[in-house]
Amino acid sequence: MNTNSTSTSVTAGQDVILAARDVTKYYEGKDQRILVLDSISLELHSGEFVALLGPSGSGKSTLLRTLAGLVRPSSGDVFVHGQSLDGPNAQVAIVFQSFALYPWLTVLDNVELGLLAKELPRQERRRRALAAIDLIGLDGFEDAYPKELSGGMKQRVGFARALVVEPEALFMDEPFSALDVLTAQNLREQLLDLWTEQSMPTRAILMVTHNIDEAVSLADRLVVLAADPGRIRADIPGLPIDLRRRKGAEHTELVDALYRLMTSPQARVEDILPTAQPGRAPAIQRPYQVLPHVAIGDLTGLVGHLAQAGGRQDLYVLARNLQLELDDLLPLVEGVAILGLAVAEEGDAVLTDFGRRFADADVLEEKELFREQALDNVELIHQIFGKLQVSPDHSFHEDDLLEQLQENFSDAEARRQLDTAIDWGRYAELFAYDDDAGTLYFETEDVSHDP
Ligand SMILES: Nc1ncnc2c1ncn2[C@@H]1O[C@H](COP(=O)(O)OP(=O)(O)OP(=O)(O)O)[C@@H](O)[C@H]1O
Ligand SMILES: [Mg+2]
């Protein structure tokens, strides 16, 4: 990868606008505290466009809201120009995924609303709102109501409402993900133009996104969070601006590397991204297996697709072909890896020999192969099966297992882990489950023997 030669930004200065120091955030769960952000330190400099990536639930939105002063850290501090932040950050305006416009207000009034907190004369408010509307390409729609606008136009109002306050830092939480592909593309390009031409008063941008391609196309710097708990896993420079606009080899390489990183939560970041800042926290090694919550049909569908593609496909291409967001692809790749059907290798998903056999098998054989793998590779299924074998009536109540799972997982996650194991185990016909009674049991005598 050729990211060594990249400069961070055309405009990047050294001023620190915003800084998180050792920010930790817990949320109160039902009967335990859940650690969402673990010791996050991050600086946002003047001139930087930073993209924040990470799996679902890794705390991206929480971190963004913490930096915006909307969420108070459990410990640690947020500093704005060196001053400790206490309450909403006045230097920040946020664009959300959902447009959150007031349906009874016109475009102009919706935009002006951004200025209500500032004590400005009415004339001045109007002048600024019109300028923001103009800047973002909403000219002529001042008097329209939200319901008359397309999704893309509504999001433009969202941008205008954020920019009208002339925020020093513009925050965006998945601003393009509710838009159709072309509209999103269009708006991204326009945002990049405004940013590079410096037509916005904004000095820094922080964007949360799921979309690796989007992050690479826009940002000067890419920060990747790891999940459970949210920690900074990688912090790397993006592409120089000309390479961002032109989707050439460097673009593909960086997208590919980020895919590889995010599909290998246990990998050493330096092995995948040589430009990553050293000393970042690796993903936590867990002494127990964590099942991804994916349906069997999706797992077998992925295997079938890979077989048709000749047994190997670039993860990035795979996501596009299956029309999956990275967040939907990641658990699937984990699932097939746990079952030994395919592995993630050098940014590709590759069928194993076993995966090939599985793809070629008919339904009956498929189940048999799946049963074999599930018993060998899925700890929880192995455990359920073993417990059923030793139980006198070949059945037991799920609470026995739930309690044990709750030692490692939140209550909700323990439930989901068990549900996934039950789902897979039932498909493999390794055991049966009575939803009402909450019991697991062997359906017939013959499967109670070793398979
Ligand atoms: N107000 C809250 N109370 C309790 N738990 C919360 C709250 N907000 C978020 N969480 C939990 O914190 C974790 C991180 O959530 P967050 O929304 O920050 O993640 P994210 O990375 O933005 O995820 P996504 O990609 O799905 O938007 C999740 O497990 C979520 O359930
Ligand atoms: Mg989020």
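The values are calculated or read from the model by the stated rules, or taken from the named source; none is laboratory data. What you see is a predicted model, and the numbers here were worked out from it, not measured in a lab. Every residue, glycine as well, gets a Cβ built from its backbone with ideal geometry; the counts of neighbours run over all protein chains shown.
In table form, for the structure just shown:
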| item | result |
| --- | --- |
| Residues (among the hydroxyl-bearing types (Ser, Thr, Tyr) and crowded, with 23+ Cβ neighbours inside 10 Å) located in the stretch 252-262 | 259 |
| Residue within the stretch 97-107 that is free of Cβ contacts under 8 Å to residues at least 24 places away in the same chain and either out of contact with any Cys (no Cβ under 6 Å at 6 or more places or on another chain) or among the acidic types (Asp, Glu) (or both) present | no |
| Search result, residues across the stretch 53-91 that are polar (S, T, N, Q) and either in contact with a helix residue (DSSP H, G or I) (Cβ under 9 Å, 6 or more places away or on another chain) or closer than 27 Å to residue 210 by Cβ (or both) | 56, 58, 61, 62, 66, 74, 89, 91 |
| Flag for residue 78 being surrounded by 22 or more Cβ atoms within 10 Å (Cβ to Cβ) and closer than 20 Å to residue 200 by Cα | no |
| Which numbered condition residue 89 misses (of (1) buried (at least 17 other Cβ atoms within 10 Å of the Cβ); (2) touching a residue at least 60 places away in the same chain (Cβ under 8 Å); (3) outside any loop (DSSP other than H, G, I, E, B); (4) not aliphatic (A, V, I, L, M)) | (3) |
| Only one of 62, 24 that is more than 16 Å from ligand 2 (Cβ to nearest atom) and assigned by TED's automatic domain parsing to the domain that holds residue 216 | 24 |
| Qualifying positions in the stretch 350-373 - under 24 Å from residue 262 (Cα atoms) and either hydroxyl-bearing (Ser, Thr, Tyr) or touching a Ser or Thr at 6+ places or on another chain (Cβ under 8 Å) (or both) | 352 |
| In the stretch 363-394, the residues that are in contact with a strand residue (DSSP E or B) (Cβ under 8 Å, 6 or more places away or on another chain), closer than 24 Å to residue 288 by Cα, surrounded by 17 or more Cβ atoms within 10 Å (Cβ to Cβ) and without any contact (Cβ under 8 Å) to a residue 60 or more places away in the chain | 384 |
| Considering residues of the stretch 15-58 that are of a type in the set (Ser, Thr, Tyr) and in a strand (DSSP E or B) only, the residue nearest to residue 188 (Cα to Cα) | 41 |
| Qualifying helices (runs of 4 or more DSSP H) (wholly inside the stretch 337-447; at least 2 residues being hydrophobic (A, V, I, L, M, F, W, C) and over 30 Å from residue 310 (Cα atoms)) | 379-390, 398-405, 411-427 |
| Residue selected from the stretch 407-421 under the condition of a type in the set (Asp, Glu) and touching a residue at least 40 places away in the same chain (Cβ under 8 Å), by the criterion nearest to residue 331 (Cα to Cα) | 419 |
